[in-house]
Amino acid sequence: MVPEEICLILEKQFGDAVQSTKVEGGHPHAVVAADRWPEVALFLRDDPRLRFNLLNCISSLDLLADNKLACVYDLSSLPLDRGTALIIETHLFAVRVVTDRDEPTIPSVARVWPTAEWHEREAYDLMGIRFENHPDLRRILCPDDWVGHPLRKDYEFPLEYHGIPATTEYELTNPRH
């Protein structure tokens, strides 16, 4: 199935919840309203035409100029039973969900794709995006008492942590991004 078909199916099913689509280029995707994301996610997984049964990854984006953050969900449709003689079409697609930078919140899809649990924790830890109804939302890479979210474009790298002086890969003692 080609991206144009996927976008048409989503637009027909969800109307205005599909805010925009991009089908050309190397990373076709649809932008979906955050409040409708769990419903769209279930549809993407369960609709027999789509069968997006694998969440490959979640990438978080800092859209600083727009005062927004976003998550991009890369999905695959893979054959469920490799032992049959049936040829099952596989396809790839992405969904982007945008949220406000000041109070970033996106509903969790960990109940739809269990791998989202870890990916959402990473986006929470490194970008500060909160995932509503996540089963265990806590830091995954940084210590619990770490201040800030290191992948944000306006993040200021601390000069020390618990008395340990900080440096970067270039040995800068006062890094600014």
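What follows is calculated from the coordinates using simple rules that are stated; it is not laboratory data. These figures come from a predicted structure and were not determined experimentally. Neighbour counts run over all protein chains shown; Cβ positions are idealised from the backbone, glycine included.
Considered as an equivalent ellipsoid built on the Cα gyration tensor, the stretch 1-48 has semi-axes of 17, 13, 9 Å, the largest given first.
For the chain, the longest principal axis of the C-alpha atoms and the axis of helix 3-14 are separated by about 90°. In this structure, the amide hydrogen of residue 63, modeled 1.01 Å from its nitrogen in the peptide plane, lies closer than 5 angstrom to those of 68, 69, 70, counting only residues at least 5 positions away or on a different chain. Comparing 142, 57, 71 in a Gaussian network model of the chain where C-alpha atoms under 10 Å apart are linked, the largest mean-square fluctuation is found at 142. Using a Gaussian network model of the chain in which every pair of alpha carbons under 10 angstrom is joined by a spring, one finds that among 145, 100, 125 the greatest mean-square fluctuation is at 145. Taking the number of Cβ atoms within 10 Å of each Cβ as an exposure proxy, the fewest-first ranking of 64, 75, 126 is 64, 126, 75. Give the aspartates and glutamates reachable from residue 153 as a straight Cα distance under 14 Å; neighbours fewer than 8 places away on the same chain don't count. Within reach: 62, 66, 102.
Shown in residue order for the stretch 17-24 are the 3J(HN,Hα) couplings computed by the Karplus curve 6.51 cos²θ - 1.76 cosθ + 1.60 at θ = phi - 60°: 5, 8, 6, 6, 9, 9, 10, 8 Hz (x for Gly and Pro). Inter-label distance, residue 42 to residue 132: 1.4 nm, where each label sits 7 Å from its Cα along the C-beta direction. Take the Cβ atoms of residue 20 and residue 162, set R0 to 41 Å, and the FRET efficiency comes out at 0.35.
When the Cα atoms of the stretch 1-101 are aligned to their principal axes, the ranges along those axes come out at 51, 25, 25 Å in descending order. Split the chain at each of the GluC sites (Glu not before Pro) in a DSSP loop with at most 16 other beta carbon atoms within 10 Å, and the longest piece is 90-155.
When only C-alpha pairs under 8 Å and at least 6 residues apart count, what is the relative contact order of the stretch 3-142, in percent? Can you show the working numbers first?
Values: 255 pairs, mean separation 28.3, N = 140.
Normalised by residue count, the contact order of the stretch 3-142 is 20 percent.
Principal axis extents of the C-alpha atoms in the chain (largest first, rounded to whole Å): 61, 38, 31.
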